[in-house]
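Asker: What follows is a single structure, and I will ask about it in a moment.
What follows draws every value from the coordinates through simple rules; no lab data is involved. This is a predicted model, so every value here is computed, not measured. Here the Cβ positions follow ideal geometry from the backbone for every residue, glycine too, while neighbour counts run over all protein chains shown.
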């Protein structure tokens, strides 16, 4: 269990698919491969940051879970399914297919199976999902313990940085990795997203005219996260759903050999048209 590879414990975490299957069954295989790759990475590096902004639990992942739910336990008397960051069952407003596909299993799981959903924001789950689970709230970790972890494990010695990181973590060890300072010569995705929102055309002109990956795709991840947060805060749902779709399309294009300057300029124009600003 400590090595994240007990045969009766099945981990489902958000993934970003680099390829698509030609049919539903092939898509399940693609998700299985992506999950195996992600869990291998987490075994090799147990201290990891949050999932990429566009990673999600696709409906194929739920189909994979349902297939494994029907299997007999390999070693113990029960199987355990852990769906991490369950908010990502709904990658954007209006896309509840994966969450709905899980409802039957949550309502009537096999007697030899336990399904655990983890979520930082339970309110982001469907009401129909919440009605089928038992809520267990985990208390925040004391700041003193977060501070000790930051000092002993991450080696943070600066009092100013330590105070800022611990405050931003809000009692969650994992958030320490999401609040890491920007490394010299690099810009954090959130900072890039803010610069894009403030001055999209200036941002576009400032991009190198080749390879739209790395920091550029980090910016798109953060931009998508910003739009989701805005939607949850009561923004214009229809416009935000359309804006997120535009960012997702740009994210797909960014995986190819495209010009980041052109892609950023087109994205800015499309978002302006969608949001009417």
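Asker: Any idea how far apart residue 161 and residue 205 come out in nm if each label point goes 7 Å out from Cα toward Cβ?
Answerer: The answer from the label model is 3.5 nm.
Asker: Name the shape class, rounded, prolate or oblate, that the alpha-carbon gyration tensor gives for region 21-139, where a ≥ b ≥ c are the square roots of its eigenvalues, rounded holds for a/c under 1.5, and otherwise prolate holds if a/b is larger than b/c and oblate otherwise.
Answerer: Rounded.
Asker: A follow-up question, please. Quick check on packing: order 240-251, 153-164, 132-143 by the mean number of other C-beta atoms within 10 Å, highest mean leading.
Answerer: Top to bottom by mean Cβ count within 10 Å: 240-251, 153-164, 132-143.
Asker: Quick check on region 9-130: of the DSSP beta bridges with both residues there, what percent are antiparallel, nearest 5%? Spell out each step's value before the answer.
Answerer: Numbers: 1 of 10 bridges.
The answer is about 10 percent antiparallel.
Asker: Roughly what would the spin-label model give for residue 45 and residue 237, points 7 Å off Cα along C-beta, in nm?
Answerer: Modelled inter-label distance: 3.8 nm.
Asker: Compare the peptides 118-128, 166-176 by average per-residue count of other Cβ atoms within 10 angstrom and give them in order, highest first.
Answerer: Values: 118-128: 13.9, 166-176: 15.7.
In decreasing order of mean packing, 118-128, 166-176 become 166-176, 118-128.
Asker: Calculate the FRET efficiency for residue 70 and residue 124 from the Cβ-Cβ distance with a Förster distance of 25 Å, rounded to the nearest 0.05. Each step should come with its number before you reach the end.
Answerer: Numbers: r = 28 Å, r/R0 = 1.14.
Approximately 0.30, to the nearest 0.05.
Asker: Under a point spin-label approximation (7 Å from Cα along Cα-to-Cβ), what is the residue 148-residue 112 distance to one decimal in nm?
Answerer: Roughly 4.1 nm, to one decimal.
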